[in-house]
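Report on one structure; see the data block that follows.
Only the coordinates and a few stated rules stand behind these numbers; no lab work does. A quick note: this is a predicted structure, and the numbers were derived from the prediction, not measured. Neighbour counts are summed over all protein chains in view; Cβ atoms, including those assigned to glycine, are modelled from backbone coordinates with ideal geometry.
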Amino acid sequence: MTWTRSNFDSGGRGPYYTRPMAAGLPDLVDCARLAEDAAVINRIYELEELPRLKDVLAEPSGTLAATFVFRKLPGGRVGAQVRIQATPRLICQRCLQGFACSVAAGSEVEFADAASADAAREAELAERELFETDAGQVSLRDLAEEELLLSLPVAPACDIPRRCGKAPSYALGDAPGAAAETRRPFSALQDLLKKT
């Protein structure tokens, strides 16, 4: 059945149609407006949806929980406290197997349209990260992903080496080449220097 204006004129009991709602919550936000309102925004992102993490993850499963607390900074600038929590499965650099790495971190961020020398200097003095915006707008997903990337270990490794998937274990003196003669590649050079 198609609803027309006449359906509503008969007592207003019929359904009405509105414009469709946007799918999902907005990712691009106006930093200045949110800072004026001292807004607090919570988001949860699937790790598989974060493109810069793909090379680091052993499996693209899990979520990233992020909280953004926007506020005004001294001098009229805009900033936010960004807190994240996730347990991604990273690739251990010893055994090349996946392991769960629990991450909970946070930092102070200052927003700037262009990274001017003044903004960078003041952010550094206040120990805040400087995050560049696009005409005052910022992607919350990019901000959360950046915070997670900065919080991950540079060389991820399993917590307990004894349980590490394929990590070789050597008894003292059993290391490969331990019985072999020690090579000294610059010994000939040392002999030449003694002769001069």
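Scan the range 28-61 for trypsin sites (Lys or Arg not before Pro) in coil per DSSP, keeping those whose Cβ has at most 13 other Cβ atoms within 10 Å, and list them by number.
Qualifying residues, ordered by number: Lys54.
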Quiz prompt | Rough spin-label spacing in nm, given labels placed 7 Å along Cα→Cβ, for Ala188 and Asp113 | solution = 6.5
Quiz item: Around Glu129, which amide H atoms from residues at least 5 apart in sequence, or from another chain, sit under 5 Å from its own amide H, with H modelled in the peptide plane?
Solution: Glu108, Val109, Glu110
Quiz prompt | FRET efficiency, Asp55 to Asp27 (Cβ-Cβ, R0 25 Å, nearest 0.05) | solution = 0.65
Exercise. Report ³J(HN,Hα) in whole Hz for each residue of the range 142-157, in order, from the Karplus equation J = 6.51 cos²θ - 1.76 cosθ + 1.60 where θ = phi - 60°; Gly and Pro get x.
Key: 5, 5, 5, 5, 4, 5, 5, 4, 5, 8, 6, x, 5, 10, x, 8
